[in-house]
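The values are calculated or read from the model by the stated rules, or taken from the named source; none is laboratory data. Computed from a predicted model, the values in this text were never measured in an experiment. FYI the Cβ positions are ideal-geometry reconstructions off the backbone, even for glycines, and counts take in every protein chain you see. Note: areas computed on protein heavy atoms with side chains; ligands, DNA, RNA excluded. Shrake-Rupley method; radii C 1.70, N 1.55, O 1.52, S 1.80 Å.
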Amino acid sequence: MTGKDNNMPKHFLKSLAIAFAVAAMAATFPQTSLAKEKFRDKTRLMTTNELWQMYHNRTWFWSDGAGYFANTGRKFSAYVKSDWDAGIAEGRWFVTAKGNACFRAKWVGVGWQESSQTCFRNRTNGGVIFQRRLPDGKWYVFKHSPVRKGDEFTKLLLGDFVSERKNRNRKSIETLGKR
């Protein structure tokens, strides 16, 4: 459903857009069930330095957008979709001693805005990295050893591939929002 004749309440559209962005991110992650006892015995939480190395100055591509983890100021920026469904985000990213990589951002779209925080817990057993979305996502292999085609890790590319598209989405949101 697009267009200015959309009769849905703005709060519903805002929730729907955020849900689509989160679902798109989650849908790209393969879900793997791992036995908790053995998993914890054979893995350890990733360190803040390991997480920093994995994310800084990289763009993480999702099925309908991407997020950029800037080195300078730990700024986080993202875009999802386009036109009436466009969304952009600006905020900060951080890592924790509990193996978490997080981003806290304000998301904006046509007729809505919302602040949210998203975190992923990361564990490793050396060459393999496991990840799950907090608070209740399922563990999956983020990076095999050696890296395999299709690993989510391969969608983390060095450089800013977000700014140009985010600026296009921003202009679209501003233009469509005035209608």
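So the values come out like this:
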{"read-out": "Selection count where residues are of a type in the set (Ser, Thr, Tyr) and more than 24 Å from residue 176 (Cβ to Cβ), scope the stretch 69-103", "value": "2"}
{"read-out": "Filter result (assigned to a helix (DSSP H, G or I) and not β-branched (Val, Ile, Thr)) within the stretch 134-157", "value": "152, 153, 155"}
{"read-out": "Boolean, residue 123 is over 24 Å from residue 77 (Cα atoms) and in contact (Cβ under 8 Å) with a residue 60 or more places away in the chain", "value": "yes"}
{"read-out": "Residue 160 vs. criteria open to solvent by 60 Å² or more (accessible area, probe 1.4 Å), acidic (Asp, Glu) and either without any contact (Cβ under 8 Å) to a residue 40 or more places away in the chain or not in a loop (DSSP other than H, G, I, E, B) (or both)", "value": "no"}
{"read-out": "Residue selected from the stretch 79-105 under the condition open to solvent by 60 Å² or more (accessible area, probe 1.4 Å) and within 13 Å of the chain's Cα centre (by Cα), by the criterion farthest from residue 43 (Cα to Cα)", "value": "90"}
{"read-out": "Residue 96 being free of Cβ contacts under 8 Å to residues at least 24 places away in the same chain and among the polar types (S, T, N, Q)", "value": "no"}
{"read-out": "Positions within the stretch 74-115 being small (Gly, Ala, Ser) and over 18 Å from residue 170 (Cβ atoms), in sequence order", "value": "97, 99, 101"}
{"read-out": "Conditions (1) open to solvent by 20 Å² or more (accessible area, probe 1.4 Å); (2) at pLDDT below 95; (3) farther than 17 Å from residue 53 by Cβ: number failed by residue 127", "value": "(3)"}
{"read-out": "Every residue from the stretch 130-157 that is exposed (fewer than 14 other Cβ atoms within 10 Å of the Cβ) and in contact with a Pro (Cβ under 9 Å, 6 or more places away or on another chain)", "value": "150"}
